[in-house]
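Beneath this line is the structure, given in C-alpha cells, with notes to follow.
Each value in this text was obtained by applying a stated rule to the coordinates, not by laboratory testing. If you're wondering where the values come from, they're calculated on a predicted model, not measured in any experiment. Here the Cβ positions follow ideal geometry from the backbone for every residue, glycine too, while neighbour counts run over all protein chains shown.
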Amino acid sequence: MPSLKDIDSKDSMKRLLSKAGDELVIAEFYATWCGSCTKVAPAYEQLAEKYADSAQFVKVDVDKADDIHPEYKVTATPTFVFIKDGKAIDQFQGSNAGMLEAAIQKHV
C-alpha cells in the first residue's frame with residue numbers, strides 16, 4: 001500500500017522525518033506477534049488512505065527496528081506516535097480505531 005511506509009532503522013526514520021519537514025508523520029509501532037496490532041492494522045491502513053493528503057503514515061516493527069522505539073518512549077504495542085518538525089507531539093496506545101481517528105483529526 002503506497003500510503004504506508006515501512007521503517008526498518010533509525011537512519012530510515014531520520015531520512016523520512018527530514019524530508020517530511022513540518023508535515024505530520026504518524027508512526028505505528030507494532031509487532032507481528034501482537035494480537036491488538038493485527039486487529040487495528042486494517043483500520044490504520046484505511047486511515048492512511050483517508051488522510052493521505054494531510055499526513056505521512058509509517059509502520060515500525062519494534063522487533064526489526066529495535067533502535068527506534070526507545071527514542072519515542074514506546075513501551076507497548078500498538079503505539080501511534082504523532083511527529084511534527086521531527087518531534088513527538090502526541091502518542092496514542094491501543095487498538096481502538098475510533099479513538100485513533102479522533103487523535104488523527106486532532107492533529108491534521
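Using Cβ contacts closer than 10 Å as the measure, can you line up His107, His69 from fewest to most? Present the calculation step by step, with values, prior to reporting the outcome.
Details: His107 15, His69 20.
Ranking His107, His69 by Cβ neighbours within 10 Å, fewest first, gives His107, His69.
Take Tyr30, Tyr72, Tyr51 and order them by how many other Cβ atoms sit within 10 Å, fewest up front.
Sorted ascending by nearby Cβ count, the order is Tyr72, Tyr51, Tyr30.
From least to most packed, judged by other beta carbons within 10 angstrom and beginning with the fewest, Met99, Met13 follow the order Met99, Met13.
Let me know the whole percent of all Cα-Cα pairs from the chain that are separated by more than 22 Å.
Working: 1136 of 5778 pairs.
So the portion of pairs separated by more than 22 Å is 20 percent.
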